[in-house]
Amino acid sequence: MLVFFEKLMTHTLSVYEGENLFVVKTNGAGDVGGIIAFIEDVVSHSEWRSGMSILVDHRELELHEITQAGVGIVSRFFQSVASQLGDGKLALVMNRDVDFGIARAWEAITSDNAEMDIFVFRDFDRAIAWLGVESVVL
């Protein structure tokens, strides 16, 4: 059975080949459909290779409408594409306390079942340092 989710948020995707990095910048009202859409866009991108790292800039996204069930749906979807994602790193950068808490809940239920190292940050520069990349311009 296919389930479709309305997509309210938007995202842009940038590739930093020299850094082995994809950058996703989101904005708007966060929703399950929008989050799944950007994950699908990453793994289906012609330049994506398993094991690359991903920086997700959620500083302009509001996640407070996502429910516990929604967090679970996103987690299960992420785990379903874990082999395509590989063993790189995933850094999420959040702005608001409530969004940080929701992202940390997602990290907690997802990280044990994914090859990627996942970490949620409040500080963009710390996320860049953790990823070990030299230069990212948004």
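The values are calculated or read from the model by the stated rules, or taken from the named source; none is laboratory data. Since the structure is predicted, the reported quantities are computational estimates derived from the model, not experimental observations. Backbone-built Cβ (ideal geometry, glycine too); neighbour counts: all protein chains shown. SASA here: full protein model, heavy atoms, side chains in, ligands and nucleic acids out. Shrake-Rupley method; radii C 1.70, N 1.55, O 1.52, S 1.80 Å.
Summary table below
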item	result
The stretch 91-126, residues that are more than 19 Å from Gly70 (Cα to Cα) and free of Cβ contacts under 8 Å to residues at least 12 places away in the same chain	Asp125, Arg126
Any hit, the stretch 19-27, residues being over 23 Å from Phe124 (Cβ atoms) and open to solvent by 20 Å² or more (accessible area, probe 1.4 Å)	no
Counted residues, the stretch 105-121 - those being exposed (fewer than 15 other Cβ atoms within 10 Å of the Cβ) and under 21 Å from Glu62 (Cα atoms)	1
Val32 open to solvent by 10 Å² or more (accessible area, probe 1.4 Å), under 20 Å from Val98 (Cβ atoms), in contact (Cβ under 8 Å) with a residue 40 or more places away in the chain and not basic (Lys, Arg)	yes
Subset of the stretch 56-88 (residues that are in contact with a Gly (Cβ under 8 Å, 6 or more places away or on another chain) and within 15 Å of Ala127 (Cα to Cα))	His58, Gly88
Among (1) out of contact with any Leu (no Cβ under 7 Å at 6 or more places or on another chain); (2) touching a residue at least 60 places away in the same chain (Cβ under 8 Å); (3) not acidic (Asp, Glu) - the single one Ala69 does not satisfy	(2)
Some residue of the stretch 68-86 being within 19 Å of Thr10 (Cα to Cα) and exposed (fewer than 15 other Cβ atoms within 10 Å of the Cβ)	no
